[in-house]
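Below: the structure, in structure tokens.
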Amino acid sequence: MHEALQLTGEIPSLRSPVLLAAFNGFTDAHGGAVAAVRYLAEQWHAQPLATIDPERFYDFTVQRPRVRLDRGERVTDWPMNAFAVASPPGADRDFVLFTGIEPHLRWKTFVAAMEDLLRALDCTTSVTLAAQPAAVPHTRPLPVTLSASHPEFEDTFGLKAPASRYQGPTGIVGVLNLHLRALGWKNASLWAMTPHYLTVGPNPNVGVSLVDRIDHAFGTTTSRTGLEEQSLLFEDQVREALEDSSDAGMYVRQLEEQYDTERPGQATSMLSADDADDLPSPGELLDDLERFLRDQQKPNQ
């Protein structure tokens, strides 16, 4: 086993396991996809399996550890990359759930450590979850796009997987996916399109869309109660903030009209750098909204 891995127990025997993985960072800047995997872990009663030692992979002046009080004792929380295993009701296979933070250093070594654990688990199928800013309104179901190594994933997820023509910077998700595909393993990537103008905290609607697709694909029946409660609260906060900004409200209505008139799937494309530059700047258009949402989160920090 790779020296960066820290096991919490014995390697279990799993049924045709599937990796579900998400990383905070380039492919999930506000944590919606990571929150979705953590929600699945909670609902599926996942058991801890392993962590990756952060020492060699992070610049701690960039991704600083945090201190907190635990029963009166001060403890340090380091950047966490953790694996857990789950056997949710309704599924005929087991799941390896991973949540982490995009590393700053030694990506090849990081991916090699993940590969070693997956080999030990005989896990050769993976699905990465991510979130991408897009010109979609927060008042509609968030679209999800698919990329996949094998065409069978289109039937599995009920989505088309167009050939990607993207060239440019990538994140650890892209590096991991290409590495696993080069091994001949099966790999898919789900991207939730999230409103580009909401840039504060995890958007719970990302979780709703991604969990829906996972349940559709693998026959699981994950409770949505927690996510739906979070979504209602989130939408109430956004609606209250929009009432004080006529420009923001008008812009959201334009997005709604565009979303409702386009054919299904048309609103799911990710923003290119040029497209993003053409969108209204949240700093200019939605200052009041950003400030309101940030203030709403302060009591919970």
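Every number in this text was worked out from the coordinates using simple rules, so none of it is lab data. Here the structure is a predicted model, which means the values were calculated and not measured. With ideal geometry, Cβ positions are generated from the backbone for all residues, glycine too; neighbour counts draw on all protein chains shown.
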Against the longest alpha carbon principal axis of the chain, how many degrees, from 0 to 90 and to the nearest 10, is the axis of helix 204-218 turned?
50
In the P(r) worked out for segment 181-261, what percent of Cα pairs fall beyond 18 Å?
58
Using 7 Å Cα-to-Cβ label points, what is the H150/F26 separation (nm, one decimal)?
2.7
By how many degrees, 0 to 90 and rounded to 10, does the Cα axis of helix 225-242 deviate from the longest principal axis of the chain?
30
Under 13 Å from a point placed 7 Å out from the Cα of W78 along the Cα-to-Cβ direction: which residues of segment 1-35 have their backbone N that close?
4-7
If R0 is 51 Å, what FRET efficiency do you get for S87 and E256 from their C-beta distance, rounded to 0.05?
0.80
Which FRET efficiency, nearest 0.05, do E229 and H45 yield, Cβ-Cβ r, R0 25 Å?
0.80
Could you calculate the FRET efficiency of L178 with D53 from 1/(1 + (r/R0)^6), where r is the beta carbon distance between them and R0 is 25 Å, rounded to 0.05?
0.55
Over all directions, the average projected area of the alpha-carbon convex hull for the chain comes to how many nm²?
16.7
Considering segment 1-114, what Rg and Dmax in Å follow from its alpha-carbon atoms?
15.0, 44
Extending each Cα 7 Å along its Cβ direction at T139 and R119, get the distance between those two points in nm, one decimal.
5.3
For a distance above 18 Å, tell me the whole-number percent of Cα pairs in segment 78-234 that qualify.
64
Just to confirm a number: summing +1 for Lys and Arg and -1 for Asp and Glu over residues other than L227 whose beta-carbon lies under 14 angstrom from that of L227, what do you get?
-3
